[in-house]
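Take a look at the structure set out below.
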Amino acid sequence: MDTREPLLSRLVARARLLRYKWFAKGPTDAEWEARLRRVVAESVEHTVRWLPKQNARLVDVGANIGVYTELVRKERPDLEAWLFEPVAAHHAACRARFAGARSIHVEHLALGDVDAPMTIWKPKHNPGGNLLTEELMRRRETRMDFRPEEVRCRVFDDYAKEHGIDRVDFVKSDTEGFDYRVLRGMFGFLERCEPKPVILAELLAPHIHHDWDAQVAVIERLYQLGYERVDLTGMQDVQDFLFLPRGRTRPA
């Protein structure tokens, strides 16, 4: 049996990874912000159409440097928002962006279904690809250079009780495969909240997700809580889905 080709493939892959680790550079701050503004434009459009004209409330999970909420706020100037970002550098940029904005609450936290310390893995080339799921990181570490950072995870249901949050109009979650755990930690809040918020969540396809059955179970729970079903057939590898409360009409 000729093992030269597999060996050669492994050596080439190793060489590419080392070259990436040693020489590849991520985007500058300005480049990253410009890219984010392009990437989040569609999400902002989906969000604004479901927000009331006045006294809108937003939860932004995986806020990164705050560009998404900033663009939503341009359309809803009196917006009150809670932003959750676990990566220290992104959190600092987010805090600076909203300095002096008393209705924008920026928390240095991850959201999930446990109150515990966690590790987030940050890929060198992509400031938006930070992973809270170790299994997903392990699958990619042969071609990506990850840097670990210790973060704190909270459950939104507990946070909402502590801060007296009884109403939210829109929840946006973008956490690179951790969204099902973010939503799981919101179930108690969603049970109490009427009317329920519209939810925009990023989901991973079956061949990519590390625990597809758990993700499906969370979605089924949303249906039980009163959300309309979404069609997951033919979904992209990574795709945003809009979950609408049954009977919800777009605000006038």
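Things worth noting here:
- Here the dipole of segment 67-161 is about 400 debye; that uses its Cα centre as origin and unit charges on the Cβ of Lys and Arg (positive) and Asp and Glu (negative).
- Cβ crowding within 10 Å averaged over residues, with 207-219, 84-96, 108-120 ranked highest first: 84-96, 108-120, 207-219
- Order of Asp145, Asp231, Asp174 - criterion: other Cβ atoms within 10 Å of each residue's Cβ, fewest first: Asp231, Asp145, Asp174
- Sites Glu149 and Phe241 - FRET efficiency at Förster radius 22 Å, r taken between beta-carbons, to 0.05: 0.20
- The chain: C-alpha pair distances exceeding 32 Å, %: 23
- You can think of it this way: the chain between His210 and Glu141 has 23.3 nm of extra reach, that is 0.36 nm per residue less the Cα-Cα gap.
- When the square roots of the Cα gyration tensor eigenvalues are ordered a ≥ b ≥ c, the ratio a/c for segment 84-146 is 1.5 or more and a/b does not exceed b/c, which makes its shape oblate.
- For segment 205-225 and segment 71-90, distance of Cα centres in Å: 27
- Above-threshold pairs, the threshold being 20 Å between Cα atoms, out of Lys53/Lys74; Lys53/Lys161; Lys53/Lys196: Lys53/Lys161
- Charged-residue dipole, Cβ positions (Lys, Arg, Asp, Glu), the chain about Cα centre, Debye nearest 20: 700
- In terms of surrounding Cβ atoms within a 10 Å radius of their Cβ, Met137, Met235 rank from fewest to most as Met235, Met137.
- In terms of surrounding Cβ atoms within a 10 Å radius of their Cβ, Ser43, Ser103, Ser173 rank from fewest to most as Ser103, Ser43, Ser173.
- Only the Cβ atoms of Lys and Arg (+1) and of Asp and Glu (-1) were treated as charged; on that basis the dipole of segment 107-244 about its Cα centre amounts to roughly 260 debye.
- Estimated from helices alone, the mean residue ellipticity of the chain at 222 nm is -11500 deg cm²/dmol (sum of -39500 (n - 2.57) over DSSP H runs with n ≥ 4, per residue).
- Listed residues Leu79, Ala56, Ala30: farthest to the positive end of the dipole of the chain (Cβ charges): Ala30
- Just checking the listed ones, Arg221, Arg57, Arg38: in the Gaussian network model of the chain with Cα springs under 10 Å, the one fluctuating most is Arg38.
Since every read-out is calculated from the coordinates, none of them should be taken as a lab result. Model, not experiment: these values are computed from the prediction. Note that each Cβ is placed from the backbone with ideal geometry, even for glycine, and that neighbours are counted across all protein chains shown.
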